[in-house]
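Throughout, read-outs are computed from the coordinates displayed, never taken from laboratory work. Keep in mind the model is a prediction, meaning the values are calculated, not measured. Because the Cβ atoms are built from the backbone with ideal geometry, glycine has one as well, and the counts that use them run over all protein chains shown.
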Amino acid sequence: MPTVLFPGSFDPFTLGHADIVKRGLALFDSIVIGVGVNEGKQAVQSADERVQSIAALYKGEPRISVRKYSGLTVDFAQEVGVSAILRGVRNVKDFEYERDIAAVNKLLTGIETVLLFCAPEYAAISSSLVRELQSYGKDVSAWMPK
Ligand code: ADP
């Protein structure tokens, strides 16, 4: 199986994201984790900080690389040369969003989207929830990779 792009904001990278990466490795030879720079979104960690911390997490795993990108995910997917994009789905809201994006990406480039259903134990984890708890000084380590 070829390389897949796992794109996201990863602000921050949670155990839910790590689970998708782990399961993706069972399906694909290698994974490029694409850290998106969204000019319209105020990020807590800079994109470079996010790339660094995710790369440190997967330092010993040659099948995983981490790259920053801006612009359309599908353009970056073509630049990297992948034929598929990997995404996680937690709920109906995620599903409807991913379905529409996947259809547009397929239409634009022929690139397929592979969706993995979230593991039940990670269903409630989102980066936005983690950020909110952190802003109130709460311990979020239970949801973060070690
Ligand atoms: P984006 O801003 O592109 O949605 P995120 O960093 O929030 O980026 O999420 C990246 C991908 O990881 C998305 O496909 C999202 O649905 C998925 N994801 C986020 N949290 C979880 C989780 N707890 N379990 C499984 N997948 C998740």
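Full extension of the chain segment joining ARG23 with LEU115 gains 32.0 nm, where the gain is 0.36 nm per residue of separation less the Cα-Cα distance. Length, then width, then depth: along the principal axes, the Cα atoms of the stretch 1-101 run 33, 30, 28 Å.
Taking the Cβ-Cβ separation of SER30 and ASP100 as r and a Förster radius of 30 Å, what is the calculated FRET efficiency to the nearest 0.05? That pair, SER30 with ASP100, gives E of 0.65. Among LEU72, LEU86, LEU15, which one moves the most in a GNM of the chain with springs linking Cα atoms closer than 10 Å? Fluctuation is largest for LEU72.
Residue-wise HN-Hα couplings along the stretch 128-139, as the Karplus relation 6.51 cos²θ - 1.76 cosθ + 1.60 with θ = phi - 60° gives them from phi, are 5, 5, 4, 4, 5, 4, 4, 5, 9, x, 7, 7 Hz; Gly and Pro carry x.
Springs join every pair of Cα atoms under 10 Å in this Gaussian network model of the chain, and among TYR122, TYR136, TYR58 the largest mean-square fluctuation is at TYR136. Its relative contact order, with pairs defined as Cα atoms under 8 Å and 6+ residues apart, puts the chain at 31 percent. Of the trypsin sites (Lys or Arg not before Pro) found in the stretch 15-53, those that fall in a DSSP loop while having at most 15 other beta-carbon atoms within 10 Å are LYS41. Distance between the 7 Å Cα→Cβ label points at ALA123 and VAL140: 2.2 nm. Pairs spanning more than 25 Å between alpha-carbon atoms, out of LYS22/LYS59; LYS59/LYS138; LYS22/LYS68; LYS41/LYS93; LYS68/LYS106: LYS59/LYS138.
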